[in-house]
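Nothing in this text is a laboratory measurement; each read-out follows from the coordinates by a stated rule. These numbers come from a predicted model, not from an experiment. Positions of Cβ are backbone-derived with ideal geometry, glycine not excepted, and every protein chain shown enters the neighbour counts.
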Amino acid sequence: MQLIFERGDHDRPVGHALIYFRTTNGTIVATYVNVPPIRFDISKFVPGFLAGALQGMDLSEGMVATPIPPIAEQVDSVDYLHAIAERRHDDLVFAGAAMADDPMHLAAETAEAAQSYGQLYSSSIDTSTPPPAPIESQPTSRVDGMSEEERLRELTSLVGRLRESVRAGAPDPVVEQEMNELAASLPAKYRADRLVAAARAPGDKSERLAALYIERSYKLFHEEYLDLERLDREIEAITE
C-alpha cells in the first residue's frame with residue numbers, strides 16, 4: 001500500500017497519524033494510528049485461560065500499530081483532518097481509494113494502512129543500520145542526487161505544506177519554489193506542473209484535483225495502468 005504524507009515526513013514518521021481514504025462515493029473515512037514507543041509482547045499480559053488458545057500466534061508484531069477505530073469512519077472533510085493533525089502534531093496520511101459499502105474490505109484496508117505506517121516508523125528508528133559513508137562532493141542541485149521515487153515522495157510531502165499555507169491565506173513562496181524545482185526534474189508524463197498549480201489554488205476543488213494528480217503519479221510510477229483511465233476522467237470532470 002502506498003502511503004502519501006500530506007503532513008509529516010515519509011522517512012521520519014512521528015509514530016502517530018491520522019490516516020484517511022477517499023471512498024468511491026466521494027466521502028472521506030479516517031482512522032487514528034498509534035505506534036507504541038516501547039516495544040512489548042502483549043502475550044505476557046494475556047490471562048492464563050486464554051494463553052492456550054493463542055499459542056503459536058505472533059502477537060507482538062500484530063500490535064505494533066493499532067488503528068482506532070479498526071474500520072475507518074466517515075469524517076467531515078480533509079480540511080478537518082488537516083486542522084486536527086496540525087493541532088495535535090500528528091502525521092496526516094492519504095492511503096488511497098476505498099469502498100465504503102464493503103465494511104470487511106474497508107477493515108482490511110484500514111489494518112493494512114496501519115501496518116504499513118507502523119513499518120515505516122519502525123524502519124525510521126532502526127539503529128542497527130550503519131550510517132552512510134561520508135559524501136565527498138555535494139550535487140549541484142538538491143534534486144540531482146534523488147531517485148525518481150524520492151522526488152515524487154518529496155513533491156507529495158510539499159503538497160501538504162503548500163496546502164496549509166494556502167488555507168492560511170497565501171501559498172508559501174519557498175515551498176512553491178521547491179515544488180517547481182522538483183516538478184521540472186520529473187518526466188512530463190507525471191504532469192507535475194499541473195499538480196503544483198492545483199496545490200497552490202484555494203478551495204476543495206483544487207485540493208481534490210491535487211490528490212488525483214498525486215494518485216495518478218504513483219499509479220504511473222508503479223505501472224498500475226488499469227486505473228489511469230478512471231483518474232483521467234475524474235481530472236477532466238473537475239478541470240472542464
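Rounded, prolate or oblate: which one fits region 148-239, using the alpha carbon gyration tensor with axes a ≥ b ≥ c (rounded when a/c is under 1.5, else prolate when a/b beats b/c, else oblate)? Oblate.
Projected label points at Tyr225 and Glu240, each 7 Å from Cα along the beta carbon direction, are separated by 2.6 nanometres. Summing charges over all other residues whose Cβ lies under 13 Å from the Cβ of Glu150, with Lys and Arg as +1 and Asp and Glu as -1, gives -3.
Sequentially through region 21-27, phi angles give Karplus couplings (6.51, -1.76, 1.60; θ = phi - 60°) of 10, 9, 7, 5, 9, x, 7 Hz, Gly and Pro residues having no value and appearing as x.
Distance from the Cα centroid of region 88-127 to that of region 191-206 is 25 Å (rounded to whole angstrom). Computed from backbone phi with θ = phi - 60° and the Karplus coefficients 6.51, -1.76 and 1.60, the 3J(HN,Hα) list for region 147-163 is 6, 4, 5, 5, 5, 5, 5, 5, 4, 4, 4, 5, 4, x, 5, 5, 4 Hz; x is used for glycine and proline. Spin-label pair Gln74-Ala184: with each label point 7 Å from Cα along the Cα-Cβ axis, the two points sit 4.5 nm from one another. The local environment of Pro70, defined by Cβ-Cβ distances under 14 Å, has a net charge of -3 under the rule Lys, Arg +1 and Asp, Glu -1.
If you plug the beta carbon distance of Glu148 and Lys205 into 1/(1 + (r/R0)^6) with R0 = 30 Å, you get a FRET efficiency near 0.55.
Taking θ as phi - 60° and the Karplus parameters 6.51, -1.76 and 1.60, the scalar couplings of region 97-105 work out to 8, 8, 9, 5, 8, 10, x, 5, 5 Hz in sequence order, x denoting glycine and proline. Once backbone amide H atoms are built at 1.01 Å from N, Ala72 has Thr110 as its partners under 5 Å, excluding neighbours fewer than 5 places away on the same chain.
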